[in-house]
Amino acid sequence: MAEIFVEKVRQVSGCVECRLMIDCEVRGLYVLLSRWEDVTPLRIFLGSNEFRALLGTRILLHNPPRVSVDEVQRRIRLSSHGKMLLQW
């Protein structure tokens, strides 16, 4: 089911990337990470049925899901040689 949800998010207009992360130390901890072209498509998604379906899964969870939106202005990526590469 999680794979289906992630694939649906990836198909939403404005979604650049979507991944479901599983914590290897905390059992049952999952993080949905998505990157968007702009804040407008993200806001549309947050008001969508797909997002409501994700929140609806909270009845299956021990703890309710927490939602946080972090606005990242730029990303710095390290290469395998330790040199910094800037991505805008």
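The values are calculated or read from the model by the stated rules, or taken from the named source; none is laboratory data. The model shown is predicted, which means the values in this text are computed figures rather than measured ones. FYI the Cβ positions are ideal-geometry reconstructions off the backbone, even for glycines, and counts take in every protein chain you see.
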The number of residues in the stretch 29-63 that are surrounded by 12 or more Cβ atoms within 10 Å (Cβ to Cβ), modelled with pLDDT under 85 and of a type in the set (Val, Ile, Thr) is 1
I need a count of the residues in the stretch 1-28 that are modelled with pLDDT under 90, β-branched (Val, Ile, Thr) and surrounded by 10 or more Cβ atoms within 10 Å (Cβ to Cβ). 3
